[in-house]
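Data first, discussion second: the structure below is written as C-alpha cells.
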Amino acid sequence: MRRIGDGFPALAERMADRIFAEIPIYATGAVAAHEVVAENCRVNTVSAFDQLTTCRLDLSSPAKTGRLRAQSGLPLADLLSSFRLGYDVALEAIIEVARRPPAIPSDAVVNLTRNWFTLHNLVGDTVIHAYREEAQHLLLTRERERTALVNVLLSGDIGPAMVVDVAGRLRLPIEGVFVVVAAATVLGKDPLPQADARMAAVNVGSVWQLTREALVGVLSLEKQARMPAVLEVLQDRATGPIGVSPIFTTLRRAPWGLGLAQLVLERHSGAVAVEQFRDSPMNVLVASAPGAAQETSRTIFGSLLEMPADRRDLLLTTFRTWIDSGGSTPDTAAILHCHPNTIRHRLRRIEEATGKLLTHPGDSAELVAACHAWTQLPPQSWT
C-alpha cells in the first residue's frame, strides 16, 4: 500500500471522473460538486487502505457518506454504484502497482484482493444501513411537517397568503377541482392504506392527515371527469364508512369541504361504504347551520317524529323519494315497488301528522326543507 502513498489524491480524482461519467445524476451537480466527491473518495480510500494494513475496522467514513447522500436525495442504487466504481478504480490501481518491479508475490495479491472484496461488502452493508436509517428519519420528519401543513390547510383560520404558501409546500394548485375525503378510523388505524399511491395511479394528487377519529384527505382531481375513478378507488379500498365532500374549485374552501365530508360521515347510512354529499343549494344551506335547521325541522315535522321509528322512517323515505321523483306518484311507486295508492296514503299520513298540505306551496316548501335536514344531519342527533 506504500507504493500508492502520495497517489491517493490522483486516485480519488480518477474515481470522481468515473462516477461523474457513468452515473448521470452526479453529472447534473444535484448531488455534490466534483471536488467534493473527489475529497469524499480520497477520505474513503485512505480509510479503506488503512483498515487493510492495520486490520482495524472503522466504518464511520462510509456511514457518514451514506447519511449525507440520503439527505441530498441521491437514490440508494446510484450511491452503491458510486462505491462500486470507486472500489473498481482502486483495485485497478492495486493490480497496476503489483505488476511493477519488484513484483508482489501472487499469493499476496490474491489475499489482498480477497480482503479488498470482503471490505467492499462490509462497506456496502454499512452504507445501506446508514442510508436507510437516515432516510427513515427524514421521512418521519417530512411526514410530521406534511401533517402539520394539512392541518393548517383544513383549519378555518387561514388567509390567502398562507394558502399560497401551504399549497406550494404541499404541491397543490390554488385553483382547480378538489374534494375532501373523511374515512372513519379506530384508534388511529389507517382505514385507507396507501391511499396516496392509489390516487396517484388515477392521476389524482392527494395529501392526508390521520387523526384519532378519521383519515382526512384533500384531493386535487384537475378535472371533474376523474370523480368516478376517485369514488371507485375509495370503494375498493374502504375498510369502513367514508364521507366525501362536493367538488369545489378553490383550495381555500378546503375547511368547508371538510365540514361537509364529516357531516356525511356522521350521518352515514351504511348502505354503501362511500357516500358523497349531495351538492344542492338546500343541502348546503342545511349544512351551513345544522343546529337551526334541525330545530326548525322539528317544529315542521311535529308529531311525525313521535311515531315509532320504523313507521316514521318509512314515511320520510317515501317523501324523500317523492321529492327526488319530481312529485310524481307513479314514479315514486315504481322506485319503492308498491302501488301508487300506497304512496298517496303515505303522503296523506305525513300531511295529517304535520298539519301541512302538500298542495299548498308554502307548506310544501317547509316540508321539503325539513326533509333535506332529516337526510343530511346525523340520525342520532334527532333522538
For region 294-309, which residues satisfy the criterion of being farther than 15 Å from ALA365 by Cα and small (Gly, Ala, Ser)? GLY302, SER303, ALA309
Hey, can you tell me all the residues within region 67-96 that are open to solvent by 20 Å² or more (accessible area, probe 1.4 Å), among the aliphatic types (A, V, I, L, M) and at pLDDT 90 or above? LEU76, ALA77, LEU80
Residues located in region 49-66, provided they are surrounded by fewer than 18 Cβ atoms within 10 Å (Cβ to Cβ) and over 21 Å from LEU91 (Cα atoms): SER60, LYS64
Determine whether PRO173 is exposed (fewer than 13 other Cβ atoms within 10 Å of the Cβ), farther than 30 Å from ASN44 by Cβ and touching a residue at least 60 places away in the same chain (Cβ under 8 Å). no
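Would it be correct to say that LEU215 is within 13 Å of the chain's Cα centre (by Cα) and at pLDDT below 90?
no
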Members of region 36-48 that are within 28 Å of HIS137 (Cα to Cα) and surrounded by fewer than 18 Cβ atoms within 10 Å (Cβ to Cβ): VAL36, GLU39, VAL43, SER47
Could you check region 6-84 for helices (runs of 4 or more DSSP H) lying wholly inside it with 2 or more residues that are more than 21 Å from ALA135 (Cβ to Cβ) and touching a Ser or Thr at 6+ places or on another chain (Cβ under 7 Å)? 8-22, 34-54
Checking GLY327 against (1) open to solvent by less than 70 Å² (accessible area, probe 1.4 Å); (2) part of a helix (DSSP H, G or I), only one condition comes out false. Which one? (2)
What residue, of LEU215, LEU221, LEU192, is crowded, with 21+ Cβ neighbours inside 10 Å and over 22 Å from ARG278 (Cα atoms)? LEU192
Go through (1) touching a Leu at 6+ places or on another chain (Cβ under 7 Å); (2) aromatic (Phe, Trp, Tyr); (3) assigned to a helix (DSSP H, G or I) one by one and return the number of the condition PHE117 breaks. (1)
Look through ILE19, ILE4 and report the one residue that is at pLDDT 90 or above and open to solvent by less than 70 Å² (accessible area, probe 1.4 Å). ILE19
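The values are calculated or read from the model by the stated rules, or taken from the named source; none is laboratory data. Every value quoted in this text rests on a predicted model; they were computed, and no experiment measured them. No Cβ is skipped: glycine too gets one built from the backbone with ideal geometry, and neighbour counts run over all protein chains shown. To get the accessible areas, we keep the full protein, side chains included, count just its heavy atoms, and leave off ligands, DNA and RNA. Shrake-Rupley method; radii C 1.70, N 1.55, O 1.52, S 1.80 Å.
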